[in-house]
Structure formats: C-alpha cells, structure tokens
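Enquirer: Below: one structure in structure tokens.
Only the coordinates and a few stated rules stand behind these numbers; no lab work does. This is a predicted model, so every value here is computed, not measured. Quick reminder, even Gly has a Cβ in these numbers, built from the backbone with ideal geometry, and neighbours come from all protein chains shown.
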Amino acid sequence: MAQGRFLSGGTMGHVVRMTATGAMGITFVFLVDAANLFWISQLGDPQLVAAIGFAYAVQFFSVSIAVGLMIGATAVISRSIGMGNREQARRQAGAGIAVSVCILALVSALIVAARHQLVGIAGAEGETARLAARYLAFTIPSLIPMSAALVLSGVLRADGYGAKAMYVTLWSGIVLMLIDPVLILWMGWGLDGAAIGLVLFRLCLLGVAVFFAVIQMNMVDRPTFATLRNIAVPFMRVAGPAIATQMSTPAGNYLLTIVMAQYGDAAMAAWAVIGRLTVVVFGGVFALSGAIGGIFGQNFGAGQMDRVRSTYRNALIFCLLYTLVAWALMRLATPYVIAGFGLDGVGVEVLQSFTAIGVGGFVFIGALFVSNAAFNNLGRPSRSTLVNWIKDGVLSYPAAAVLTGLFGATGVIYGQALAGCVMGLVAATWGWFYVKGLRGPDSQALDPAPPRAYPNPDKHRRR
C-alpha cells in the first residue's frame, strides 16, 4: 500500500507547498471574482456595485456550506490514507460528493425562494434590492455543481495532489477572465452578464475536477446506497461542525453589512470592493486551513504526533510572514484601488481604514484559521465552531456598532479587526495546547467508521 505523501519530509515544506498551490487556486478564483466586480464598476453605476455587495453577503452563506463539506471530506479521507486504507478513502470520496450535492440543492432552493427577503434584511432597498435578488436567482443554483467540485478538490489535497487541486480553479478562472468583459461590456449584458459568467465558471470547475480526481487519478468510487448509509454519519460528524464553523464568517459579514448599509451606496460599494480584496490578497491565509488539513490528517492517522505539532507551529510562522507582506503591499496599492474602482466620498474613507488597520487584523485571524484546521482534523471540530461564532456572532457586531458611533462607517472595519485580534489569540493558544497534548489516534474518537461498517469492501468497488 502506497505511503501517504505527508508522512515524511519537512513539515514546513509541506505547509508551504500545499498552501502555495492552494493559495494560487483560491486566489485566482477570487481574483476573477474581483475582476468581475471591476468590469461592473466600469459601467459607472455605483448601484450595480452595491447590488453585488448585497448579493455577496447572502451568497456567502451557501458558499461557506460547500467549503465546510470540503473540509469534512478532506479530514475523513486524509485519515484513511494515513492509515493505509485507500479503498475506504475512495468510498468516502464518492459518498462525500453525493451528500454535498444533496445539501447544496436544498440550500440553493431555500435561498432562491427567499432572496428578496434576504437582501432586504441586509439593508438593500429599491432598485438596488431588485438587482441583487436578480443576481442571486441567476447564480445560486450553480452552487450545486460547485459543491461537488470543491469536494473533489479536497480529495486531491487529502492525498497531496496540491498542484492538481490548483489546476481545478486555475483553468476555470482563466475561462471566466476571458468571457467576463465580453458578457458585461461587449455584449452589454451588465449585471446579468456577470451572473452568467459566474455560472459558466462553476460548471467549468466541476468539469476540470472530475477530469483530475475521477478520470485521471481514479480517487472516487461510485456511491451506492450501502456506502452512503455507512459513511454519511461519520462524514457529517466532521463536516457538520465544519459547516457550522464556516457559517460564522458569512453571518458576521451579513451583520456588518447591515451596519455598513446605513451609510449609503458609496460605503456599500467600498464594502463590496473590500470583500473581494480580502479574499484575493489573503488567499494564502484562507487556503492555509484547507491546505494543511491533509497534513494533519495523514500524520495523525499514522500516529506521528511530533509531525502534527511541527505542522501547527510552522503554519503559524508561515501565516505571520504572509500577512505582514500582504499588509505592506495593500498600503502601497490603496490609491490605485480607489481610482480603479471609482470609489468616492465615504467609500474612500472605508477603504483607507481597511488597508491601514483592518488588514493588520489578519495576523490574528490567520492564527484562528490554523487552529480551525487542527481542531477540524484532529477530532475537536466543535471547538472551531465555538471560537468562530464567538468572533463573528458575539463580538464583531457589537464592536462595529459601538465604533461606528465614534468613527462613522470606518468603525465597521475597526470592529471587525478588534474581534479578530481577540479571538485569534485565544484560538491559537487553545489549539497549541490541544495539539501539544495529543497522544495518538487511539486516544481520540476519530476513526470515521469502525471496520464492521464495511463488511464487504469489494462489493461496491468499481469494476
């Protein structure tokens, strides 16, 4: 049986390699998303930019569910690979895709049905609300194929194929880069063109992911009812808390959007730009949590606790250095961003406060993501849920509400950064002591399914 790729070699090298490929993939996705917003801004109507901002606040919830399912798949599959059971990993991959598609189908239907109410609660009014709801109606159903693509990408990362996982988003993103200006400007479809481009991008994601994970690498077994029955519960045991954890960020963003909306379309346009810049510039930080999950899982499954601890430590170091460099670059790029997206008035103040203060908060938010990866992959996913919901559901909104009373719209940025700093320190410290005290997989209730859950493993193997 082939050994897991992360069970030997320097852990810092694995952290850098997997995070770099993950960052290139996820950053490119959000880069084309930012380009999408840029082309819309060239139409000269801040209302269109604000509409995308409101739609993003709603859509963020469903995307986070898909990401949580990917995290759960990566955690379960990587542990099976670390234990040397690749056939079990293949069955888990197939079941994970089936479960993800079913869940996102239900979520998408609910969001489409309630889209007008959701953008209204977020603070959108009049024509801006109508445009945001229309954008959601176009784009939300495409999250179903995207959820399958994300799980397939997690399957590739779980076995150390970081470059192939990167290509899934890279090639699809190139397609969107090429068609966006055509649909939005040349064909004159505006916001509808942006929505259609996003749908095509997500369909491309699925096609490329199937090629690498299913056709080329044969890492996925066809799901059957028996497989789903045996794997769904242990899979959701990890994915459920991971979804709950991921949901905290859009919940916090939704609440902060409500606070920011009271300052008008100019502030909301800047808020939409900040949302895109955050995920582009900090793609490495966002990718870090998913990228190192496979490293944690494989080494934990193999009982190599010293490598688990060194992975945690090296991930924190990487995150710190990455954030400091990103902060410096953002400060230098501020005037160009303001000019490029046509921000004015209060929108300029909001963006400047983000690049001066808000970006610095990611030093601590990144540490929170590292602890999330450790808790999710090492048997305590509920702890990730707890610390994230305290940050986004308990601290961010009141901090922003208080600080907007002192600083106006920029108080939203300051409140978000303050909550991130507090909980980042708490989570990183808690995660380190947990990892330091680990003794081995037998001491934790981590085995996704006992051997009896697979009485006839050959029965469901694809011929």
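Enquirer: At a threshold of 8 angstrom on Cα-Cα distance, excluding pairs fewer than six apart, so keeping six or more, what relative contact order does the chain reach in percent?
Expert: Over the chain, the number comes to 24 percent.
Enquirer: Just the ratio, please: alpha-carbon radius of gyration of the chain over 2.2 N^0.38 Å, N its number of residues. Mind dumping the intermediate values first?
Expert: Numbers: Rg = 21.3 Å, N = 463, 2.2 N^0.38 = 22.7 Å.
With N residues counted in the chain, Rg over 2.2 N^0.38 Å equals 0.94.
Enquirer: Over the Cα atoms of the stretch 119-184, what is the Rg over Rh ratio if Rh follows Kirkwood? List each step's numbers first, then the result.
Expert: On the way: Rg = 16.5 Å, Rh = 14.4 Å.
My calculation of the ratio gives 1.14.
Enquirer: Which value in deg cm²/dmol, rounded to the nearest 500, describes the helix-derived mean residue ellipticity at 222 nm for the chain, given -39,500 (n - 2.57) per DSSP H run of n ≥ 4 and division by the residue count? Working shown, then result.
Expert: On the way: 18 runs with 357 residues, N = 463.
That comes out to -26500 deg cm²/dmol.
Enquirer: Right, something else. I'd like the distance between the alpha-carbon centres of the stretch 112-127 and the stretch 305-338, rounded to an integer number of Å.
Expert: 36
Enquirer: I want to check the label-to-label distance for V325 and V233. Put each point 7 Å from Cα in the C-beta direction and report it in nm to one decimal.
Expert: The answer from the label model is 4.7 nm.
Enquirer: What residues qualify as long-range amide H neighbours of D221, i.e. H under 5 Å apart, gap of 5 or more or another chain, H built at 1.01 Å from N?
Expert: The list, which skips near neighbours in sequence, is R91, A93, G94.
Enquirer: Can you tell me the FRET efficiency between Y336 and E87 if r is taken as the Cβ-Cβ distance and R0 is 51 Å, rounded to the nearest 0.05?
Expert: Values: r = 52 Å, r/R0 = 1.02.
Here the calculated transfer efficiency is 0.45.
Enquirer: Report the calculated FRET efficiency for T429 and E127 (r = Cβ-Cβ distance, R0 = 51 Å), to the nearest 0.05. Walk me through the intermediate numbers first.
Expert: Working: r = 48 Å, r/R0 = 0.94.
Efficiency for this residue pair is about 0.60.
Enquirer: Under 18 Å from a point 7 Å along the Cα-to-Cβ line of A137: which residues of the stretch 189-205 have their amide N that close?
Expert: 189-199
Enquirer: Wrap a convex hull around the Cα atoms of the stretch 184-236, take a quarter of its surface area, and give that in square nanometres.
Expert: Numbers: hull surface 23.6 nm².
For the stretch 184-236, averaging the hull's shadow over all directions gives 5.9 nm².
Enquirer: On to the next question. Once both labels are modelled 7 Å past Cα along the beta-carbon direction, what's the I357-L185 spacing in nm?
Expert: About 3.6 nm, to one decimal.
Enquirer: Over the stretch 297-418, what number does the Rg to Rh ratio reach, with both radii from the alpha-carbon atoms and Rh per Kirkwood?
Expert: 1.09
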